[in-house]
Amino acid sequence: DYHKKEFAISHLKVSNEVLEADPGPLLSEHTAYLNPARPDHNRYPVNFQDVVLYEVHLYSQSPINDSGHLSIPLKNFDRIDIYQLDKKSTNKSTAGSIVGITLTTAAAVGIIVAIADASKSDPTPAPSPSTTPSNISCSPQVYLADNDHTELQGTLYSGALYASLERTDYLPLHMSQPDADNLQITVQGKKEEDIFVHDIHLMQVTHTDKEQALIDRKGQILIYADPVSPEKADIGGHANASREILARDGKYYSFTNHSKGENSSDIILDFKKPTGISTGKLIVNAKNSRWSYYLFSQFKSLYGDSYPGLLQRKDKADPKKVLQCELDQSLPLLVSVKDRGGWKFVDYFPTSGNTRDRDMIMNLDLSEFSSSDHVQIRLQTTFMFWDLDYAGMDFSQENSFQTAILPVSKQYTENPGTDPAVRVPDDQSSIEINGGEQLRMEFANQRKAGNGLKNSYFLVGTGYYHDNTAFEGKPRYAELIRFAGKGAFDKYSRETFANLVKNLRDQSKTEIVSAK
């Protein structure tokens, strides 16, 4: 029985998001270095370096069947450890060497292994776990208590890390009982975060039960009825990602190609369009990848102990310039339309976080293509920064709809397990959530949908948040200077990914030890 037991694996391969391998006995000299006591600076005897420095440890909390062969879904792995020499500490040590863990994140298995073992020219679905481990998930997270069940809804204004990036977000809510009398919503972050929330409320949109409603990033309510799939989804002229984006099924295209002549990845969608139609609504279901969260955490660590100073400077910076920097690095999902002169940038989808897939919509002016029966749309971002599950276009005309604002009827701040809940005054529109606190809100549902109608709900909130993670050491200016130009983050993502894949796949002892 291999359940809750350490063992060695051989003949490893990854297929369809499942790791296949043959288990075997783990020699006693290898067991001493599992589950290290600290995340870094762990000592080991010098004569054991050939043991410690040539292994990769995969951890899973899920039961494993007693079998002569292992078949483990990638989403079941929640940690991977790769060891390398901590040269700075080793040089100061006379008793032995010190090992540093270079990576402890589910992204390593969930994304690195999956993509490393897939063809580079093919679309690469990323794992789609039902829940995202808290150490690799974005904030502020939104939960809905619906019919005695609490469900994660997504992330509110994800990526608004500074006051200069403050924005209003319109998060669609998924409800099993949309006509319940009372709705309970919780917003929370992590212990290292401060979250600033302004003017939070629910938007209720009533429309026909044969239609869907979404709100774009500018606050425009858009109704759609029958989206069409692209006839072709091109990711480099020689590969088609159509099957990955035809349905909301957890099969992703993860932007793993390299746009010709640019520092980005993309997908080109070719839609058949009714002639005479001059507008279209682009609908995507997507999320930021777990790799993006890991990558951005690595980037922030380059600032070392000067990171708090960066937050202060960014808070006071020109919002237009800070946003333009985000666009120059292709961190949002950029949208372009192909006209006679080539690709024309039209708008973007803001970062949505990696906690849950999210439906997003964009209204496109297609007057230039009114007489055409096709339109080409390009989605573009940094290498492996987004997971795209679905894309469609709706060309139908909108029917009428009604809206209502549901204000907060009661709200409390609470630090679970420590402090009692504190009632927030009804007239207080700005709230700060600190150190893992929760903002709990109740809303009174004022309108029931009539026959042939249904209600769609959106949590609307304006704000930003601070990540107060403490990074050690001095700023690494030589590495930070690389991010000055357009597309630098794409280069950083590709290089970082390539180095980690090399560590995982390379069978050469020399190269594993020397990898930085």
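The values are calculated or read from the model by the stated rules, or taken from the named source; none is laboratory data. No experiment lies behind these values; they were computed from the predicted model shown. Every residue, glycine among them, receives a Cβ derived from its backbone with ideal geometry; neighbour counts consider all protein chains shown. Please note that ligands, DNA and RNA were not included when accessible areas were found on the heavy atoms of the full protein model with its side chains. Shrake-Rupley method; radii C 1.70, N 1.55, O 1.52, S 1.80 Å.
Ordered by 1.4 Å accessible area with all protein chains kept, THR418, THR382 run largest first as THR418, THR382. The stretch between LYS316 and LYS410, if pulled fully straight at 0.36 nm per residue, gains 30.6 nm over its current Cα-Cα span.
Among the trypsin sites (Lys or Arg not before Pro) in region 310-378, those placed in a DSSP loop whose Cβ has at most 12 other Cβ atoms within 10 Å are ARG340. If Lys and Arg each add +1 and Asp and Glu each add -1, what is the summed charge of the other residues whose beta carbon sits under 13 Å from the beta carbon of LEU480? Taking every Cβ under 13 Å from that of LEU480, the sum is +3. Look at where the Cα atoms of region 224-278 and of region 421-467 average out, and the two centres are 35 Å apart. For region 396-461, with all protein chains in place and a probe radius of 1.4 Å, 44% of the accessible heavy-atom surface sits on carbon or sulfur.
Under a model in which nothing but the beta-carbon of Lys, Arg (+1) and Asp, Glu (-1) is charged, region 180-271 shows a dipole of about 180 debye around its Cα centre.
Under 5 Å between amide hydrogens, built in the peptide plane, is the criterion, and for ASN445 it picks out ASN182, LEU183 among residues at least 5 positions away or on other chains. Phi angles across region 340-356 convert, under the Karplus curve 6.51 cos²θ - 1.76 cosθ + 1.60 with θ = phi - 60°, into 3J(HN,Hα) values of 5, x, x, 7, 10, 5, 10, 5, 8, 9, x, 4, 9, x, 10, 6, 7 Hz, Gly and Pro given as x. Using a probe of 1.4 angstrom and keeping all protein chains present, the accessible surface of region 174-242 works out to 45 square angstrom per residue. Rolling a 1.4 Å probe over the heavy atoms of the protein chains gives region 259-313 an accessible area of 35 Å² per residue. At 1.4 Å probe size, with the rest of the protein present, what percent of the exposed accessible area of region 218-346 is carbon and sulfur atoms? Here it works out to 50 percent.
The loop-placed trypsin sites (Lys or Arg not before Pro) in region 218-260, going by DSSP, that have at most 15 neighbouring Cβ atoms within 10 Å of their Cβ come out as LYS218, ARG248, LYS260. When peptides 401-410, 154-163 are sorted by average Cβ neighbour count within 10 Å, with the highest value leading, the order is 154-163, 401-410.
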